[in-house]
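Presented below is the structure to which this report refers.
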Amino acid sequence: MNTMDKPMIYRFDELESTNKYIKQHMDSLPNKAIVIANTQTKGRGRNQHIWVSVNPDNLYFSFHLRLSSPALASLATLTHFLALVSAKVLDMYLKGTPWNVQIKWPNDLFLAEYKIGGILAEAIWINNRIAGIALGIGINLSISLEEKERINQPVSDVKSFSRSNLNKETIFQEIIQAFLDRVDQYLTDGFDSIRTEYEKKMIQQIGSKQYRLQDDGSVLIQEEGKEPYALLNPVDTFE
């Protein structure tokens, strides 16, 4: 992205979800537009999992990518790319602590053993071709104990681990700038261009399962006494 260019940012107090807004308005949204909402009433992650997103202190936003002839392999790992970019930005707010953001394959952000963020890519198909991508991310910057107790998995926020002052708008701008600066080159070069960086960030063992990153961004799961099996790169579809 040329530093002279300014991305088109569409701001809302509340949406059902930022990805859904992009899917509904993709014809009128410019390429690389960003949609951000203070809250989402129907936020979700992969596999239709609900993403609790009613706290305006946190980040909920999506990128709209309009691609005429995309490389499908690169599209399938856009979640990996955004996870890496976001993790590196958040690491700047963890200086002076023993912590850094890790990635649970393919696109969840973790601090220690707690989930702090997630990413969802949805491909929009028209006439048997991908007409666009809605690439959404949610990041917990600050959540209450009550919110943590309502969520059915171990979650936390950046504030609980950081010694820095967290400014939501600043972090938002830093993530979108880092993403837009590299995304065109990423779509050309593909996953191989970030594999080393991504693998360093990736959690490689969860319980008895070992995650072995493959050249295309998929993983091979190995567990003692069981046959290894592969998990492929996920992109939800919408027509």
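Nothing in this text is a laboratory measurement; each read-out follows from the coordinates by a stated rule. All of these numbers come straight from a predicted model, not from anything done at the bench. Every residue, glycine as well, gets a Cβ built from its backbone with ideal geometry; the counts of neighbours run over all protein chains shown.
Evaluated at q = 0.08, 0.12, 0.13, 0.19 Å⁻¹, a Debye calculation over the C-alpha positions of the stretch 9-203 (equal weights, vacuum) places log10 I(q)/I(0) at -0.24, -0.55, -0.65, -1.44. Looking at the square roots a ≥ b ≥ c of the eigenvalues of the Cα gyration tensor of the stretch 149-189, which shape do they give, rounded for a/c under 1.5, prolate if a/b is larger than b/c, or oblate? Because a/c hits 1.5 or more and a/b fails to exceed b/c, the stretch 149-189 counts as oblate.
Taking θ as phi - 60° and the Karplus parameters 6.51, -1.76 and 1.60, the scalar couplings of the stretch 214-223 work out to 9, 4, 8, x, 6, 10, 9, 9, 10, 9 Hz in sequence order, x denoting glycine and proline.
With a/c under 1.5 counting as rounded, go ahead and sort the stretch 94-233 into rounded, prolate or oblate using the C-alpha gyration tensor (a ≥ b ≥ c being the square roots of the eigenvalues; past the cut-off, prolate if a/b is larger than b/c, else oblate). The shape class here is oblate. Using the rule -39500 (n - 2.57) for each DSSP H run of four or more residues, divided by the residues of the chain, the 222 nm mean residue ellipticity is -7500 deg cm²/dmol.
Summing Cβ point charges (Lys, Arg +1; Asp, Glu -1) relative to the Cα centre of the chain gives a dipole of roughly 180 debye.
By the rule of a C-alpha distance below 13 Å, with chain neighbours fewer than 8 residues away ignored, the aspartates and glutamates paired with K32 are D5, D181, D184.
Sorting the segments 135-146, 22-33 by their residues' average number of neighbouring beta-carbon atoms within 10 angstrom, most packed first, yields 135-146, 22-33.
Measuring between alpha carbons in the structure, the pairs from K42/K226; K88/K209; K148/K168; K6/K115; K42/K95; K23/K209 lying more than 29 angstrom apart are K42/K226; K6/K115; K42/K95; K23/K209.
Given R0 = 22 Å, the distance between the Cβ atoms of S193 and D91 translates into a calculated FRET efficiency of 0.65. The listed peptides 188-201, 170-183, ordered by packing as a protection proxy, come out as 170-183, 188-201 (highest mean of other Cβ atoms within 10 Å first).
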